[in-house]
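**Q** Starting off with a structure, shown below.
The values are calculated or read from the model by the stated rules, or taken from the named source; none is laboratory data. Note that this is a predicted model, so its numbers are computed, not measured. Positions of Cβ are backbone-derived with ideal geometry, glycine not excepted, and every protein chain shown enters the neighbour counts.
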């Protein structure tokens, strides 16, 4: 951490050059002694990345940013605030503290928070920023979190960690291929806390994760603007064996679908036996990640277009639905589509025989913000194109 960057003149330079090309800044000579051009460019790039993801950090004067990759990989404020609601008790340890976003939000709900970070520089940065943001109840330790637990008899009400996937891991994402190895050290974690929360990337398969872990009580699938950002695995020492799945969408309005693993296996979706009309429902990415395709239809009173088509219809608009909703204008066959002289709309492909980019070229479709052409398959009509207008984005 180069403390010269905290000088008022340097901070003013960073703020006044946020719209500049960082590559040009790197190539130019630094106007400040003791600070090279690459450091200035790094601060500018990281602060720009924080503008939407970390608005509190962005708006606070004197924030010191780590390398861009750390900002890209850290939690957003929205997801950090949500995961803080899953933690319990008065004391928490964050074993993989990083930039400190999660720890700051944990500190708003806990009496004491311990932030462990192997990188001395990153630990120093997180501590500096926390003081600016008013968090006085976080202890910062520049150490390996697991090693700290092993060498200490201290216990915590909640343990949180965000294992990183090792670079030499194969294509199949497994928790044992991450560092720290949660699977190997789970007994240690449970001996020091009754609640362990593990954050993983969306790529991890739910069934595979459950095979590797024990005592899982809840899995939270968290999405922002129809993109799954993280999976949160809640592990409790006294878990009953029932695993609750929570699909949580964090947008202007928060929405969720909760069920217990196994509910999907006994649920049934009614298939549409007529041409689609009314409203078309496209589940949020969090719901699709859960695999509860039939349950979605049951919970929201929808009919499924086809067994392998994860699109649904209803004659009424249900704004509680987590996902996009379209008002169906008309249904076209491929033959009818060829006769259309002017086609406009964003193209969506679901269970169809071609890719979106190919269809755009083939039918010369012009983009439109509100109109959509949804290429899909229904039980009754086979391959169809649904001409629809967006009613709800999230």
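**Q** Out of 85, 96, 79, I need the residue that is under 30 Å from residue 247 (Cα atoms), crowded, with 16+ Cβ neighbours inside 10 Å, out of contact with any helix residue (DSSP H, G or I) (no Cβ under 7 Å at 6 or more places or on another chain) and in the same structural domain as residue 158 (by TED's automatic domain parsing). Which one? Even if it seems obvious, please write down each step before you answer.
**A** Numbers: 85 fails: crowded, with 16+ Cβ neighbours inside 10 Å; 96 fails: out of contact with any helix residue (DSSP H, G or I) (no Cβ under 7 Å at 6 or more places or on another chain).
Result of the check over 85, 96, 79: 79.
**Q** Is it the case, given these coordinates, that residue 370 is loosely packed, with under 13 Cβ neighbours inside 10 Å and more than 27 Å from the chain's Cα centre (by Cα)?
**A** Details: loosely packed, with under 13 Cβ neighbours inside 10 Å: yes; more than 27 Å from the chain's Cα centre (by Cα): no.
Judged against the criteria, residue 370 is not a match.
**Q** Something else: Just give me the residues in the stretch 250-260 being surrounded by fewer than 22 Cβ atoms within 10 Å (Cβ to Cβ) and modelled with pLDDT of 95 or more, in sequence order. Lay out the reasoning, then the answer.
**A** Within the stretch 250-260, the subset surrounded by fewer than 22 Cβ atoms within 10 Å (Cβ to Cβ) is 250-256, 258-260.
The answer is 250, 255, 256, 258, 259, 260.
**Q** Take the residues in the stretch 218-231 that are in contact (Cβ under 8 Å) with a residue 60 or more places away in the chain and more than 10 Å from the chain's Cα centre (by Cα), then tell me which one is surrounded by the most Cβ atoms within 10 Å (Cβ to Cβ).
**A** 220
**Q** To continue, here is another question. State all residues of the stretch 54-75 that are at pLDDT 95 or above and within 18 Å of the chain's Cα centre (by Cα); if no residue qualifies, say none.
**A** 54, 55
**Q** Here is a follow-up. Restricting the stretch 290-304 to residues that are outside any helix (DSSP H, G or I) and on the phi < 0 side of the Ramachandran plot, which is farthest from the chain's Cα centre (by Cα)?
**A** Applying the filter and picking the extreme gives 303.
**Q** Do we find that residue 127 is out of contact with any helix residue (DSSP H, G or I) (no Cβ under 6 Å at 6 or more places or on another chain), under 18 Å from residue 186 (Cβ atoms) and in a helix (DSSP H, G or I) in this structure?
**A** Details: out of contact with any helix residue (DSSP H, G or I) (no Cβ under 6 Å at 6 or more places or on another chain): yes; under 18 Å from residue 186 (Cβ atoms): no; in a helix (DSSP H, G or I): yes.
Answer is no for this residue.
**Q** Can you confirm whether the stretch 198-217 contains a residue that is crowded, with 18+ Cβ neighbours inside 10 Å, outside the structural domain of residue 181 (by TED's automatic domain parsing), farther than 20 Å from residue 294 by Cβ and in contact with a strand residue (DSSP E or B) (Cβ under 6 Å, 6 or more places away or on another chain)?
**A** No, that holds for no residue.
**Q** So which residues in the stretch 131-145 are in a helix (DSSP H, G or I) and crowded, with 21+ Cβ neighbours inside 10 Å?
**A** Hit for the stretch 131-145 is 145, nothing else.
**Q** A follow-up question, please. I'd like the residue in the stretch 16-47 that is touching a residue at least 24 places away in the same chain (Cβ under 8 Å) and in a helix (DSSP H, G or I) and, out of all such residues, is surrounded by the fewest Cβ atoms within 10 Å (Cβ to Cβ).
**A** By that ranking, first place goes to 39.
**Q** So, one more: Being without any contact (Cβ under 8 Å) to a residue 60 or more places away in the chain and either in a strand (DSSP E or B) or not assigned by TED's automatic domain parsing to the domain that holds residue 368 (or both) is the filter here, so list the residues in the stretch 305-318 that pass it.
**A** Residues of the stretch 305-318 that are without any contact (Cβ under 8 Å) to a residue 60 or more places away in the chain, as a first pass: 310, 312-316, 318.
The answer is 310, 312, 313, 314.
**Q** While we're here: Sort out which residues of the stretch 330-339 are exposed (fewer than 14 other Cβ atoms within 10 Å of the Cβ) and either part of a strand (DSSP E or B) or touching a helix residue (DSSP H, G or I) at 6+ places or on another chain (Cβ under 8 Å) (or both), and write them in order of number.
**A** Of all residues in the stretch 330-339, those exposed (fewer than 14 other Cβ atoms within 10 Å of the Cβ) come to 330, 333, 335-336, 338-339.
Within the stretch 330-339, 330, 338 qualify.
**Q** Is the stretch 341-351 home to any residue that is in contact (Cβ under 8 Å) with a residue 24 or more places away in the chain, surrounded by fewer than 18 Cβ atoms within 10 Å (Cβ to Cβ), within 22 Å of residue 206 (Cβ to Cβ) and over 27 Å from the mean Cα position of the chain (by Cα)?
**A** Checking the stretch 341-351: not a single residue is in contact (Cβ under 8 Å) with a residue 24 or more places away in the chain, surrounded by fewer than 18 Cβ atoms within 10 Å (Cβ to Cβ), within 22 Å of residue 206 (Cβ to Cβ) and over 27 Å from the mean Cα position of the chain (by Cα).
**Q** Ok, one more. Identify all residues within the stretch 146-159 that are surrounded by 22 or more Cβ atoms within 10 Å (Cβ to Cβ) and outside any loop (DSSP other than H, G, I, E, B); write none if there are none.
**A** The answer is 149, 158, 159.
**Q** Considering only the stretch 241-265, state which residues are under 24 Å from residue 215 (Cβ atoms) and out of contact with any strand residue (DSSP E or B) (no Cβ under 7 Å at 6 or more places or on another chain).
**A** Of all residues in the stretch 241-265, those under 24 Å from residue 215 (Cβ atoms) come to 241-248, 256-265.
Hits for the stretch 241-265 are 241, 262, 263, 264, 265.
**Q** Just wondering, is there one or more residues in the stretch 319-326 that are without any contact (Cβ under 8 Å) to a residue 40 or more places away in the chain, in the same structural domain as residue 291 (by TED's automatic domain parsing) and at negative phi?
**A** The answer is no; no qualifying residue exists.
**Q** Starting from the stretch 76-92, take each residue that is in a helix (DSSP H, G or I) and list its partners that are surrounded by fewer than 19 Cβ atoms within 10 Å (Cβ to Cβ), counting only C-beta distances under 7 angstrom and pairs at least six apart or across chains.
**A** If the second residue must be surrounded by fewer than 19 Cβ atoms within 10 Å (Cβ to Cβ), the pairs left are 77/55; 77/56; 84/108; 84/109.
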